[in-house]
Amino acid sequence: MDEVTLQFYRDNAEAYAKRTFTSRQARLTAFLAQLPPGASILELGCGAGGDTAEMLAREFDVRPTDGSSEMAAIASKHLGRTVETLLFHELDEIEAYDAVWANACLLHVPRPELAEILARIRRALKPGGVFYASYKEGEAGGRDTLDRYYNYPSQDWLRATYAEAGNWSSLLMERGEVKGFDDKMASMLFVVAQKTTDGELPGIEFPR
């Protein structure tokens, strides 16, 4: 992850944690409805832990993580359980989760690195596992007014990058608008992908 962006979340963890999000509630509910009771879920970029709390309340087996140790500490206090600090490139599990929830976090991955991160997530999913992520739509990577890096994908580029990461039995993409931390409205892409049921492909290698 871009170091300047990561430092932003370290420095603004308390302010960011105080924000309330209601627009994604319907998407989280729809996502969870696809899963069996008690399904194992990896959450990437959990922030203050609001989505984790909802998943736990619905009795799912959730592993919340965040790339910022400061944010992870806030989420741990909020949830009353340990939240791990995990950077995306550190994910190395194989077929461990029924689902991965990555709301508004993979949009900070540098464009040349996104396919590898998606492949790592795909590898961590069980066959048939479901994966949600959201991105700010655009045509080329760049920084916002707060100097945070975004990969700003187009729909075509994002579909091609998911395909580069591996085979998916389905990939659904929707558009919408969300107001960000900078109080600006942003065009978003919401992606739900399902891993093929034939498991892992041979020959995928990841840098160490």
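The values are calculated or read from the model by the stated rules, or taken from the named source; none is laboratory data. Note that the structure is a prediction, hence the values are computed from the model and not measured. Reconstructed Cβ throughout: ideal geometry from the backbone, glycine too, with neighbour counts over all protein chains shown. In case anyone asks, the SASA skips ligands and DNA or RNA and just uses the protein heavy atoms, side chains included. Shrake-Rupley method; radii C 1.70, N 1.55, O 1.52, S 1.80 Å.
Using the structure shown, decide if Thr52 is open to solvent by less than 50 Å² (accessible area, probe 1.4 Å), within 26 Å of Leu172 (Cβ to Cβ) and among the β-branched types (Val, Ile, Thr). Yes; evaluated as a whole, the condition is true for this residue. In a residue-by-residue description of the range 87-98, the property of being in contact with a strand residue (DSSP E or B) (Cβ under 7 Å, 6 or more places away or on another chain), of a type in the set (Ser, Thr, Tyr) and surrounded by fewer than 18 Cβ atoms within 10 Å (Cβ to Cβ) applies to no position.
Looking only at the range 125-135, decide whether some residue is farther than 22 Å from Met55 by Cβ and touching a residue at least 12 places away in the same chain (Cβ under 8 Å).
Taking the range 125-135 and keeping what is farther than 22 Å from Met55 by Cβ, we get none.
No - not one qualifying residue is present in the range 125-135.
On the given criteria, is Val100 within 21 Å of Ser68 (Cβ to Cβ) and assigned to a strand (DSSP E or B)? Yes; evaluated as a whole, the condition is true for this residue. Would you confirm, using the coordinates I've provided, whether Val100 is of a type outside the set (Ser, Thr, Tyr), touching a helix residue (DSSP H, G or I) at 6+ places or on another chain (Cβ under 8 Å), over 21 Å from Asp147 (Cα atoms) and in contact (Cβ under 8 Å) with a residue 24 or more places away in the chain? Criteria met by Val100.
Quick one: which residue in Ala165, Ala186 is in contact (Cβ under 8 Å) with a residue 40 or more places away in the chain, crowded, with 17+ Cβ neighbours inside 10 Å, within 16 Å of Val130 (Cα to Cα) and small (Gly, Ala, Ser)?
Working: Ala186 fails: within 16 Å of Val130 (Cα to Cα).
Result of the check over Ala165, Ala186: Ala165.
Does Ala57 satisfy the criteria of being small (Gly, Ala, Ser) and exposed (fewer than 15 other Cβ atoms within 10 Å of the Cβ)? If you could, list the steps in order and put the result at the bottom.
Details: small (Gly, Ala, Ser): yes; exposed (fewer than 15 other Cβ atoms within 10 Å of the Cβ): yes.
Yes, satisfied.
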